[in-house]
Amino acid sequence: MKAKIRKIVTFVEETRTEMGKPVNPPTRRAAAAAVIENPFAGNYVEDLTELMEIGEQLGALLTERAIAALGIPGTSAESYGKAAAVGEDGELEHAAAILHPKLGTPVRKTLGKGAALIPSSKKRGGPGVAVDIPLGHKDAAFVRSHFDGMEIRVNDAPRANEILVAIAVTDSGRPLPRVGGLTKDQIKGEDGLR
Amino acid sequence: MPEVQLRKRVIVVEEVFHEGGPVATVPLRRAAALAVIHNPFAGKYVQEIAGFMEDLNPLGLEMAKALVAALGGDPKIVEGYGKGAIVGQAGELEHGALWHVPGGYAMREILGNAKAIVASTKKVGGPGTRLDVPVTHINASYVRSHFDSMEVGIADAPKGNEILLALVMTTGPRVHARVGGLKASEIKGQDGLR
């Protein structure tokens, strides 16, 4: 493993009721986050290949951790998202190098299909910074019931020379979706959009 | 006493490989089980609240079991524990104190004959409030290597009329523990202290 991992944190959220109304079956989301050393902290480095390769490794590792935490096979996942928070001695482009070029392929391999873009967010921040991971349906980005987000935090990360990398996976959409739009049973799954 | 109404459950597992020093042979794991329940006493002063403690016992047991499961299923690997509560703004601190008995009972029940008092903390707060749950050794409170804590919180809880309940278990000492004091190997295990 290229990534020097200090810590891995997994989160599982299960919503049973919303405004007193039962959510049946409960909606569940999981996130897995790795805190890694930023090899380029403190310097401007032109070639970010190393971070791209780290992204590929974390794509597999964190997706596996997230579905294990949900206790489901990858093929039962419905939506996904990814995010990174770079410590103060790094740059936003470091997050981009991890998230965008190579991380998605192993995520899709683990979950099956995944025609839709993996929604993402990135920021720079200190330890404990809140990371809002955007969520969208993995096969059709326009499925409105699955537009969502999951907040995670790790109180001691990222340190200045670290990057927090997170992948979120769900087996469901929002708890009581009722704002219309494309539903998951209408997915064609060809273009990743509808 | 009123029935326990559960809105949401969250499980968080941290796996710590190092904190700048040598990589641990066995990583330290900390797990938290959080439950967001309706506060039946929110919005008014109620004199008789103690009966609710018994109502919380089944939830406590469920959370303690979920924690052991999240740590791999063997209660023998659990070495530290703690508990806490965040009471939503329409409640009072005393409502958080209702968790002392059921939370402690549940972890002792699941862990066998843990002898030490379960370290705890509580506060009143709004959604997203963070709580540093103190952690000590399950059989001897003075074991210095196991003085630890885990920060927990949920972005959308507790609402005004809710209580966020927390249980925490850990699998070992701080990852680079080296400030002396009573060691886990020196526990007499008679009084829960040493």
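The values are calculated or read from the model by the stated rules, or taken from the named source; none is laboratory data. Since the model is a prediction, treat every value here as computed from it, not as a measurement. When we count neighbours, we look across all protein chains shown, and the Cβ atoms used for this are built from the backbone with ideal geometry, even at glycine. To get the accessible areas, we keep the full protein, side chains included, count just its heavy atoms, and leave off ligands, DNA and RNA. Shrake-Rupley method; radii C 1.70, N 1.55, O 1.52, S 1.80 Å.
Brief remarks on what is shown
- Given A:2/A:184; B:44/B:65; A:4/A:138; A:109/A:184; B:159/B:183; A:102/B:159, the pairs whose alpha carbons are separated by over 31 Å: A:2/A:184; B:44/B:65; B:159/B:183; A:102/B:159
- Simple rule: put +1 on each Lys or Arg Cβ and -1 on each Asp or Glu Cβ in the protein assembly as shown, find the dipole, and look at A:43, A:150, B:31; the Cα lying farthest toward the positive end is B:31.
- Relative contact order [Cα under 8 Å, 6+ residues apart], segment A:1-110, whole percent: 31 percent
- Between residue B:94 and residue B:155, the distance separating the two model label sites (each 7 Å from Cα on the Cα→Cβ line) works out to 3.6 nm.
- Derived scalar couplings between HN and Hα for segment B:36-52 equal 9, 10, 5, 8, x, 10, 5, x, 8, 8, 10, 6, 9, 10, 4, x, 5 Hz in order, rounded to whole Hz, by the Karplus curve 6.51 cos²θ - 1.76 cosθ + 1.60 (θ = phi - 60°), x for Gly and Pro.
- Summed over both chains, the accessible area lost when A and B associate is about 1900 Å², using a 1.4 Å probe.
- Cβ crowding within 10 Å averaged over residues, with A:57-66, A:103-112, A:179-188 ranked highest first: A:57-66, A:103-112, A:179-188
- Projecting label points 7 angstrom from Cα along Cα→Cβ for residue A:24 and residue B:62 puts them 1.5 nm apart.
- Per-residue mean of foreign Cβ neighbours for B:16-22 is 4 (Cβ atoms of other chains, 10 Å radius).
- Measuring nothing but protein heavy atoms, the accessible surface of chain B at 1.4 Å probe radius is 52 percent carbon and sulfur.
- DSSP beta bridge pairing in segment B:56-194, given as percent antiparallel to the nearest 5: 70 percent
- A simple packing score, the average count of other Cβ atoms within 10 Å per residue, orders the peptides A:20-29, A:131-140 as A:131-140, A:20-29, with the highest score first.
- Residue A:117-residue B:176 FRET efficiency (beta carbon distance; Förster radius 45 Å; 0.05 resolution): 0.65
- For segment B:31-110, the Kirkwood estimate of the hydrodynamic radius, built from every pair of different alpha carbons, is 13.5 Å.
- Chain A: most fluctuating residue of A:39, A:101, A:177 per GNM, C-alpha cutoff 10 Å: A:177
- Across B:147, A:40, the residue with the most accessible area heads the list, and the full order at a 1.4 Å probe is B:147, A:40.
- Taking the inverse of the mean reciprocal distance over all distinct Cα pairs, the Kirkwood hydrodynamic radius of segment A:84-158 comes to 13.5 Å.
- Computed [θ] at 222 nm, helices only, for the protein assembly as shown once each DSSP H run of length n ≥ 4 contributes -39500 (n - 2.57): -6000 deg cm²/dmol
- Other protein chain C-beta atoms within 10 Å of residue C-beta, averaged over A:142-151: 1.
- Kirkwood Rh, Cα atoms: Rg over Rh of segment A:101-143: 1.06
- Shielding value for B:152-163 is 2, the average number of Cβ atoms from other chains within 10 Å of each residue's Cβ.
- Apportionment of accessible area to carbon and sulfur, segment A:106-194, percent (1.4 Å): 50 percent
- Segment B:16-83: relative contact order as a whole-number percent, Cα under 8 Å and 6+ apart: 30 percent
- The value of relative contact order for segment B:114-175, using C-alpha pairs under 8 Å at least six residues apart, is 34 percent.
- Surface exposure of segment A:104-194, expressed per residue as accessible area with a 1.4 Å probe, stands at 46 Å².
- Enclosed volume per residue, in Å³, of the convex hull spanned by Cα atoms of segment A:44-106: 85 Å³
- Compactness of chain B as Cα Rg over 2.2 N^0.38 Å, two decimals: 1.03
- Residue-span extension gain [residue B:45 to residue B:109] - 0.36 nm each, minus C-alpha spacing: 19.8 nm
- Residue-normalised accessible area of segment B:41-194, expressed per residue, 1.4 Å probe, Å²: 44 Å²
- Semi-axis lengths, largest first, of the ellipsoid equivalent to the protein assembly as shown are 35, 28, 17 Å, with √(5λ) applied to each eigenvalue of the Cα gyration tensor.
- Distance between modelled label sites at residue A:49 and residue A:76, nm, 7 Å Cα→Cβ extension: 4.1 nm
- Zone of residue A:194's modelled label, taken as backbone nitrogen in segment A:96-136 under 16 Å from a point 7 Å along Cα→Cβ: A:116
- A convex hull fitted to the Cα coordinates of segment A:61-194 yields 106 cubic angstrom per residue.
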